[in-house]
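Accompanying notes for the structure given below.
Rule-based calculations on the coordinates, nothing more; no lab input. Not measured: the values here are computed from a predicted model. Cβ: placed from backbone, ideal geometry, glycine included. Neighbour counts: every protein chain shown.
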Amino acid sequence: MKKDKHIFSFNRKLFLSVISLFLVFVASFLAYQYQREKEYKIELLHSKLQDYNDRLYEELSNSTNIEEGLDRYIHQYMLKDLRVTVIKPNGIVVYDSFEKDKKKLRNHSSRKEIQEAMQSGNGYDVRRTSETTGVSYFYSATSYPDYVVRTALPYNVSLLESLKADPHYLWFTAIATLLLIFVFYKFTHKLGTSINQLREFAMRADRNEPIEMELQSNTSQNELGEISQHIIQIYKRLHETKEALYIEREKLITHLQISHEGLGIFTNDKKEILVNNLFTQYSNLLSDSNLLTSEDVFTISELQTITDFINKAQKRPIQKEGKRMSITLNKNGRTFIVECIIFQDMSFEISINDVTMEEEQVRLKRQLTQNIAHELKTPVSSIQGYLETIVNNDNIPKEKMDVFLERCYAQSNRLSRLLRDISVLTRMDEVANMIDMEKVDISMLVTNIVNEVSLELEEKHITVINSLRKEMQIRGNYSLLYSIFRNLTDNAIAYAGSNIQIHINCFREDDVFYYFSFADTGVGVAPEHLNRLFERFYRIDKGRSRKLGGTGLGLAIVKNAVIIHGGSISAKNNQGGGLEFVFTLAKEK
């Protein structure tokens with residue numbers, strides 16, 4: 001059925017319909033014109049016979065003997081087969097050129113041509129068989145005061161040819177018809193092309209298929225074609241806009257799924273439109289029981305304030321500034337900020353943000369500030385105390401003054417190192433992505449560090465075993481990589497003890513990372529301190545650390561530098577004794 005539906009396309013149906021009407025019109029025109037042509041020939045023949053009638057009546061008027069005068073005149077001047085009949089007004093035949101016996105001729109008053117002649121002066125009958133001769137004639141009669149003269153020509157081949165319509169107008173009509181059919185076919189073909197374009201466009205649009213460029217370039221150059229092209233262009237723009245909106249929607253959904261806050265979007269009747277995983281997770285943390293659907297969030301007692309706000313907003317219009325509400329909740333040891341935003345169509349969004357870590361960061365920053373103040377206070381107080389003693393005692397011995405000045409110098413060095421380390425950490429926190437990267441030979445870097453601290457190593461009888469292979473290169477920041485190995489080395493020299501060994505090794509590598517081990521055979525660290533070694537200002541033995549000149553930031557700098565280079569670091573105690581740091585560094589950063 002579907003196949004039969006499209007046997008004739010629209011342009012063919014239009015072409016056949018109009019051409020059918022046109023052909024009917026042409027046939028009607030030809031029939032009418034044929035009839036007109038035939039009538040014209042008849043009128044022409046009638047006029048010619050009327051002329052004969054006039055001449056016969058003139059001869060009749062001048063003759064004393066009707067029969068002799070007419071016979072002589074007909075024989076001399078008239079056509080061979082022309083039949084002449086003279087009739088009195090009452091219908092009695094007084095002369096007939098084909099029948100001399102007048103008794104055989106019936107009254108002619110009932111003849112069509114005679115009646116017309118009596119009424120209007122002349123008349124004719126196209127084709128009637130004579131009762132006298134049995135031959136079909138064309139009769140033409142003219143009425144005169146005392147007679148009716150009638151002439152007749154027999155229907156033979158010659159007369160038929162003379163009455164036949166002229167065929168030239170038929171040829172002209174046929175050629176004009178064919179030309180018009182061709183022109184109309186071209187027009188309907190172009191029209192059909194445009195309609196087919198629209199039909200193909202509609203089918204592709206319905207199937208949500210892309211509109212190809214060929215569909216546009218082949219459009220007919222007419223009004224409908226231009227409309228088709230504009231419609232296709234509009235659709236393409238709408239399709240592109242839809243694709244752009246779809247991409248933006250996918251971006252929004254992706255953003256919602258990876259967002260660090262729980263987001264839920266609902267209709268005005270509290271039906272879910274879109275929620276992310278964190279929203280479900282946080283909702284269950286706030287709820288005393290597991291929620292089966294996202295809509296169950298409105299049953300949480302802690303969120304009753306938000307629910308009341310939404311219900312109130314839907315009952316009456318609210319001002320623009322009144323479409324947002326935020327509350328802070330503490331539940332299960334966590335702090336959440338819950339915010340609701342109501343949109344123009346009364347749909348709304350609820351965001352749940354876990355700010356526990358942020359609060360912890362605030363606490364740590366506060367603690368860090370306090371630690372910095374405390375660490376700065378100690379050397380500053382020492383310097384200030386020694387200088388006050390010198391200033392307030394004029395008679396202080398030179399030897400004692402030198403001791404005080406040396407201690408002031410030592411404390412100023414400690415203060416300088418502390419400020420330097422704080423500056424390094426701050427710079428790494430704030431501009432980690434702006435640090436310049438270059439090719440760094442790690443093996444050469446470690447060799448240089450060992451040479452730099454050789455005196456300290458000799459004093460404490462420490463042996464460094466550098467097992468790094470030659471030309472081990474990493475793309476990174478030289479200063480930060482230097483700080484990693486230098487701080488680990490200084491830490492081992494300061495706290496591991498004397499007569500030990502330090503082993504530096506790259507025990508594994510893959511396409512992405514180098515895996516390093518920095519181990520010593522010293523005293524090690526109690527297990528409860530291992531997880532806090534990288535905290536800023538954390539010390540196992542605070543008095544001993546300050547005495548040795550440490551700032552408490554060395555390992556924090558190491559951890560941040562490792563993270564900036566795409567790696568991670570951890571500490572553990574070796575089974576044979578001593579402390580080992582295991583860390584990774586990305587080959588390309």
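Residues with amide H under 5 Å of T335's amide H, sequence separation 5 or more or different chain, H placed in the peptide plane at 1.01 Å from N; which?
Counting only residues 5 or more places away or on other chains, the set is V355, T356.
Quick one: grab Rg to one decimal and Dmax as a whole number for the stretch 74-145, Cα atoms only, in Å.
For the stretch 74-145, the Cα-based Rg and Dmax read 11.8, 32 Å.
Enumerate the calculated ³J(HN,Hα) couplings along the stretch 562-577 in order (Karplus 6.51 cos²θ - 1.76 cosθ + 1.60, θ = phi - 60°), each rounded to whole Hz, writing x wherever the residue is Gly or Pro.
So the J values, rounded to whole Hz, are 5, 5, 4, 8, x, x, 9, 9, 8, 10, 8, 8, 6, 5, x, x.
Kindly write out, for the stretch 29-41 in residue order, the coupling ³J(HN,Hα) from the Karplus curve 6.51 cos²θ - 1.76 cosθ + 1.60 (θ = phi - 60°), rounded to whole Hz, with x marking Gly and Pro.
5, 5, 5, 5, 5, 5, 5, 4, 5, 5, 5, 4, 5
Taking amide H positions as placed in the peptide plane 1.01 Å from N, state which residues far from Y95 in sequence (5 or more) or on other chains have amide H under 5 Å from it.
Here V86 satisfy the definition.
If you take the Cα Rg of the stretch 274-349 and divide it by 2.2 N^0.38 Å, with N the number of residues, what do you get? List each step's numbers first, then the result.
On the way: Rg = 12.9 Å, N = 76, 2.2 N^0.38 = 11.4 Å.
In units of the 2.2 N^0.38 Å rule of thumb, it is 1.13.
V338: net charge of surrounding residues, Cβ under 11 Å, Lys/Arg +1, Asp/Glu -1, itself excluded? Kindly include the intermediate steps, with their values, before the conclusion.
Values: positive: K331; negative: E261, E302, E339, D354.
Residues close to V338 contribute a combined charge of -3.
Kindly provide the Kirkwood hydrodynamic radius of the stretch 20-174 in Å, to one decimal, from all pairs of distinct alpha carbon atoms.
For the stretch 20-174, the Kirkwood estimate is 16.8 Å.
Applying the Karplus parametrisation 6.51 cos²θ - 1.76 cosθ + 1.60 with θ = phi - 60° to the phi angles of the stretch 484-495, what ³J(HN,Hα) value in whole Hz is obtained for each residue in order, glycine and proline being reported as x?
4, 6, 5, 5, 5, 5, 4, 5, 5, 5, 6, 10
Summing +1 for each Lys or Arg and -1 for each Asp or Glu, what net charge is found among the other residues whose Cβ lies under 12 Å from the Cβ of N311?
Summing Lys and Arg as +1 and Asp and Glu as -1 gives +2.
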